[in-house]
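I have placed the structure first, in the form of structure tokens, so that the comments after it can refer back to it.
The values are calculated or read from the model by the stated rules, or taken from the named source; none is laboratory data. These figures come from a predicted structure and were not determined experimentally. Here the Cβ positions follow ideal geometry from the backbone for every residue, glycine too, while neighbour counts run over all protein chains shown. Ligands, DNA and RNA are excluded from the accessible area calculation, which covers all protein heavy atoms including side chains. Shrake-Rupley method; radii C 1.70, N 1.55, O 1.52, S 1.80 Å.
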Amino acid sequence: MILPFFPLKLVVFPGEELNLHIFEPRYKELIKDVEEGGLTFGVCTFIDQLSGYGTEVKLDEIHTRYEDGRMDIKTIGQRVFKIATFDNPSPNKGYAAGAIEWLEDDLRVPDFLHHEYIFYLREMLHLLHYDVSFNPADVDSFSFSHKIGLKLEEELELIKLPSEAERTEFLIKHFKRIIPALKAAEQAKEKIKQNGHFKHLDPLDF
């Protein structure tokens, strides 16, 4: 499988809607080829250097075309891949392309593990003051993973895991590590708010 490549300093999750502003000539050419050929392309994660992994994305819509050739596009993440070859530029093109290998993905996850994940996810989103309602059956390990404080390196580690169960366990460990820190920060903020106020304290009986 050969894909055109679009290296970016981000991780795209399967199912994610990604909006991009296209302005470089090589990527204008890439999107033109994708649109005319009904192709997909790969967003390759770049962290100081090319990570070797990326996500196939499908062009959903060209939202705006500007007179100078720039474009605002909407894409949707598809499957995660490992880069097998990287040709920059690819033959007769201005952009990079190469062969890829699809990563395996076992979507099965035990009910108890999913329920634990949903429990911590709700608590995390509450602490972050991110008010959103969702059906737990519609949520997977990728659904909110850009919103829960993962570093770019951790997001990359997440997409490389070959099963939903492993990704769920990874996120539960993240929640157990970060939630106590968020709670402590909230308590510290409350203490700071109280400084300078008159305090009504119960007398100690000793």
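Miscellaneous remarks
- The HN-Hα couplings worked out from phi for region 42-54 by the Karplus form 6.51 cos²θ - 1.76 cosθ + 1.60 (θ = phi - 60°) are x, 8, 8, 6, 10, 10, 6, 8, 5, 6, x, 9, x Hz, whole numbers, x standing for Gly and Pro.
- Relative to one another, the C-alpha centroids of region 1-60 and region 97-154 are positioned 22 Å apart.
- Spacing of the modelled spin labels on Ser163 and Phe86, each 7 Å from Cα toward Cβ, amounts to 3.0 nm.
- Other-chain or far-sequence residues with amide H under 5 Å of Arg79's (modelled H): Glu56
- Relative intensity, log₁₀ I(q)/I(0), of the chain from a Debye sum that treats every alpha carbon as a point, q = 0.15, 0.16 Å⁻¹: -0.99, -1.07
- Region 117-168: C-alpha pair distances exceeding 15 Å, %: 47 percent
- Long pairs among Lys151/Lys176; Lys9/Lys173; Lys28/Lys160; Lys9/Lys32, criterion Cα-Cα beyond 18 Å: Lys9/Lys173; Lys28/Lys160; Lys9/Lys32
- Accessible surface for His126 stands near 130 Å², nearest 10, in the context of the full protein assembly shown (1.4 Å probe).
- Degrees separating the helix 111-127 axis from the principal Cα axis of the chain, which is the longest one: 70 degrees
- The 1.4 Å probe gives accessible areas that order Arg65, Arg167, largest first, as Arg65, Arg167.
- Choice from Ile100, Ile62, Ile148 showing the highest fluctuation, given a GNM over the chain with Cα pairs closer than 10 Å: Ile62
- Principal axis dimensions, largest first and in whole angstrom, of region 83-128 by Cα: 51, 28, 10
- All Cα pairs of region 21-86, percent lying beyond 20 Å: 32 percent
- The relative contact order of the chain comes to 20 percent, based on Cα pairs under 8 Å that sit 6 or more residues apart.
- Degrees between helix 25-37 axis and first principal axis of the chain (Cα, 0 to 90, nearest 10): 80 degrees
- Helix-derived mean residue ellipticity, 222 nm - over the chain, DSSP H n ≥ 4, -39500 (n - 2.57), to 500: -11500 deg cm²/dmol
- Full extension of the chain segment joining Lys173 with His129 gains 13.8 nm, where the gain is 0.36 nm per residue of separation less the Cα-Cα distance.
- The residues of the chain expose, per residue, 62 Å² of accessible area to a 1.4 Å probe.
- Portion, in percent, of the accessible area of region 70-112 that falls on carbon or sulfur, probe 1.4 Å: 49 percent
- If the convex hull is drawn through the Cα atoms of region 21-131, its volume per residue in Å³: 176 Å³
- Only protein heavy atoms count here; under a 1.4 Å probe, Tyr120 has an accessible surface of about 50 Å².
- Area of Glu56 that stays accessible when all protein chains are in place (1.4 Å probe, Å², to 10): 10 Å²
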